[in-house]
Amino acid sequence: MKRRDFIINSALTLTGAALFSGCKKTETQKAQAQVEKRKFMDIKTPLISLGCMRLPMRGDKVDMVELDKMVEYAMARGANYFDTAYMYVDGKSEIAIGEILKKYPRESFILADKCPAYLVNKREDSRKLFEEQLKKCQVEYFDNYMVHNINHNTISNYRNNDMYGELLKLKKEGKIKHLGFSFHGDPNMLREVIKEHKWDFCQLQINYLDWEVVNADELYKIAQEAKVPVIVMEPLRGGVLCDLPQKAKELLKQECPNDTQASFGLRWVASKPLVFTILSGMSNFQQLKENVDTFVNYKKMSEKELEVAKKIAGIIQSQGAIACTACKYCMEVCPRGINIPAIFGLYNVYKGSKQKNRNFMFVYNYNALDESTKADKCIDCGLCSKNCPQNLSIPKLLKEVEKELEIAKKEV
């Protein structure tokens with residue numbers, strides 16, 4: 001390791017040592033091409049943003065030299081939106097991005113953070129956590145601030161402790177510019193949450209695989225009907241869409257030769273007009289450069305390319321253990337309304353994935369299904385199998401999925 005790198009990374013500990021405090025603002029090249037932007041309320045946001053959940057690391061410390069390089073490249077090209085959270089990188093994310101950003105004028109970047117609902121056990125906790133986060137990030141306000149991760153486990157914390165009301169007070173004080181929430185529940189819950197208050201935006205998991213396999217299309221439609229702008233997280237499905245099956249790789253190369261797997265996935269998300277920025281957890285400079293350059297040279301997705309995305313999603317699903325084509329004929333006759341195609345789709349992605357986080361993603365996305373439509377609601381009537389063009393023994397396969405899910409839960 002170079003001596004300079006060692007000094008920088010050693011000095012930047014969780015106490016937030018001010019190594020960069022004396023640095024002058026980095027000069028950006030005026031002639032530099034800028035990323036595509038979209039209007040969000042009173043500001044313009046870059047279509048691509050740096051999600052600070054997967055920062056570059058050296059051992060158990062954030063690689064501040066690499067992160068500084070990434071932020072400088074992004075800022076020079078107008079990709080000035082940064083998203084962090086209380087628990088990201090074991091609590092190091094807020095401190096790290098705060099250290100890097102403090103050398104830039106505050107008005108030159110957009111910073112988003114989130115209040116961890118699972119830690120809010122009384123009303124005053126929201127403000128207490130917020131003030132702690134301001135100090136960690138070394139700012140006086142957040143441009144976008146969210147109730148973090150509303151789901152079946154946290155919704156009672158959010159409601160019982162009036163998190164919206166407490167954060168609205170901070171907004172009126174000028175410490176929050178725009179107030180929203182990030183969401184990992186089912187469509188029925190989203191309908192309730194989005195109608196409960198006047199939200200400036202919401203953050204949803206949307207990508208071309210979840211659009212076909214799970215319920216991302218329905219979540220987007222709910223936000224669209226409520227006229228609530230959307231931030232997208234997991235646009236590449238935790239890396240799954242950057243590690244396509246061979247057949248899908250060949251199709252992409254043939255039909256979209258100018259796209260990488262990542263740029264294709266990001267452009268697909270950008271095709272949704274309600275989306276005003278896309279968060280990507282980039283863990284090194286090369287990933288960031290590719291993603292930023294995708295939106296510097298942004299090309300709107302064609303109808304043909306949208307069809308290619310559908311085909312790739314189908315290939316991913318077909319590579320799994322269950323030969324389900326998601327025709328939904330089974331759902332036409334299921335008396336319990338079980339979302340069989342979604343369950344099999346998640347299972348197939350899980351079985352076909354080589355990603356280290358595949359157990360987590362399987363459990364996480366399965367938990368986001370509507371509780372009443374899960375595999376354990378099957379009454380083994382067999383009507384689904386009789387209506388299945390693939391002659392699948394669906395009740396038996398649902399039980400197999402349940403067993404595999406329990407195994408995945410133990411390994412998360």
Cα-based helix-to-principal-axis angle, 163-172 vs the chain, degrees rounded to 10: 30
Cα-projected label distance for N387 with M41, points at 7 Å along beta-carbon direction, nm: 4.4
Electrostatic dipole magnitude of the chain [Cβ: Lys, Arg +1; Asp, Glu -1; Cα centre; debye, to 20]: 660
Estimated dipole of region 236-295 in Debye, rounded to 20 [Cβ of Lys and Arg +1, of Asp and Glu -1, Cα centre]: 120
Separation in nanometres of the label points that stand 7 Å from Cα toward Cβ, at K102 and A321: 5.0
Mean residue ellipticity (222 nm) of the chain, computed from DSSP H runs ≥ 4 via -39,500 (n - 2.57), nearest 500: -13500 deg cm²/dmol
Those lysines that a straight Cα-Cα span of less than 19 Å connects to K356, excepting residues fewer than 8 apart in one chain: K409, K410
Under 20 Å from the Cα of K328 - lysines, other chains or at least 8 residues apart: K221, K310, K311, K374, K377, K386, K396, K399
Tensor-based shape of region 246-357 (alpha-carbon gyration tensor, a/c under 1.5 rounded, otherwise prolate or oblate): prolate
Whole-angstrom gap from region 146-207 to region 227-250, using each part's C-alpha centre: 24
Computed lengthening from N121 to N153, 0.36 nm per intervening residue step minus Cα-Cα distance: 10.2 nm
12 Å reach of a label modelled at K195, 7 Å along Cα-to-Cβ, counting backbone N of region 153-189: 188-189
Debye, to nearest 20: dipole size of region 320-411, +1 on Lys, Arg Cβ, -1 on Asp, Glu Cβ: 260
Förster radius 22 Å - calculated FRET efficiency between K328 and F360 (Cβ-Cβ, nearest 0.05): 0.20
Cβ-based charge dipole, region 234-382, positive-most Cα from G352, Q287, S263: Q287
Extension reserve of the Y141-K300 stretch, reckoned as 0.36 nm per residue once the Cα distance is removed: 53.9 nm
Option label - Rg and Dmax of the Cα atoms in Å computed here, alternatives (1) 22.3, 77; (2) 21.9, 72; (3) 42.5, 133: (2)
Segment S283-E411, extension gain: residue separation times 0.36 nm, minus the distance between their alpha carbons: 43.7 nm
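Values in this text are rule-based calculations from the coordinates and carry no lab data. Computed from a predicted model, the values in this text were never measured in an experiment. Note: ideal-geometry Cβ built from the backbone for every residue, glycine included; neighbour counts use all protein chains shown.
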